[in-house]
1. Expressed as a fraction of 2.2 N^0.38 Å, the rule-of-thumb size for a compact globular protein of N residues, what is the C-alpha radius of gyration of the chain?
2. Of all the accessible heavy-atom surface of the stretch 59-179, with the other protein chains kept in place and a 1.4 Å probe, what percent is carbon and sulfur?
3. Got the relative contact order for the stretch 1-154 handy, in percent, Cα pairs under 8 Å and 6 or more residues apart?
4. Between the DSSP loop rule and a limit of at most 14 other Cβ atoms within 10 Å, which trypsin sites (Lys or Arg not before Pro) in the stretch 76-138 are left?
5. Only Lys, Arg, Asp and Glu count, each charged at its Cβ (+1, +1, -1, -1), so figure out the dipole size of the chain about its Cα centre, rounded to 20 debye.
6. Obtain the nm distance between the two label points defined at Ile159 and His68 by a simple spin-label model: each point lies 7 Å from its Cα along the Cα-to-C-beta direction.
7. Suppose the chain between Gln136 and Leu61 were pulled fully straight at 0.36 nm per residue; how much longer would it get relative to their current alpha carbon spacing?
8. Where the Cα atoms of the stretch 114-174 are projected onto their three principal axes, how long is each span, largest first, in whole Å?
Amino acid sequence: MTTRPDPSISALPLPGPDDVPEGVRRLWEKSREAFGFVPNVFVAQAYNGEQFQAWWNYFNLLVNKEGHLTNADRELLAVVVSGLNRCTYCAVSHGAALRHYSGDPVTADLVAVNWRQADLSRREAALAAYAEKLTQTPAEVTPDDLEPLREVGLDEHQILEVVQVIGMFNMTNRVATALAMVPNAEYHSQARASSPPPGP
């Protein structure tokens, strides 16, 4: 990355390579090698480099590393939350990831608009319903709302991860929306036919 990024991708100024910590530059380089592009979120949030790195370390651990949920589970939660919050960046980028991990572009697109119209399993519907309630009416959430998750077979580790992923995307959605972050054009075509795996 030798030139400054496109300023139209965020409402705030964007850093160039000389403005960010070495760890951020390495992440940009790895992204370009792995995906063929640098996700706009990696540039827009890097305006505050150390804070971006702290967010990315937790986000990466929670969403991308091996955990208690499957990648498809996490991306389902991400897309439900992002669709409800009308977060364009996350709905588009994680819609691409859900298409990739589920292998079903039709269901992934429906989930982003109205998960009730998607052909979800009972387990997936329970995840989506909990994500909807915690996102839209958090003050009304009680411990009883966890019971449908247990009924479809989730254990306590998985339930905690569900809550953490939903919380992460509600926070990230608000940052992306406030900054008017624009998703990379590459996300729109990913995992629809023969295309490379999506980036973050």
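The values are calculated or read from the model by the stated rules, or taken from the named source; none is laboratory data. Everything quoted here is computed from the prediction, not taken from an experiment. Backbone-built Cβ (ideal geometry, glycine too); neighbour counts: all protein chains shown. The accessibility values were calculated without ligands, DNA or RNA, using every heavy atom of the protein model including side chains. Shrake-Rupley method; radii C 1.70, N 1.55, O 1.52, S 1.80 Å.
1. On the way: Rg = 16.9 Å, N = 200, 2.2 N^0.38 = 16.5 Å.
Rounded to two decimals, the normalised Rg is 1.03.
2. 53
3. It comes to 15 percent, rounded to a whole number.
4. Here the sparse-neighbourhood loop sites are Arg86.
5. 480
6. Placing both labels 7 Å beyond Cα along the Cβ direction yields 0.9 nm.
7. Stretched fully, the Gln136-Leu61 segment lengthens by 24.5 nm.
8. 30, 28, 19
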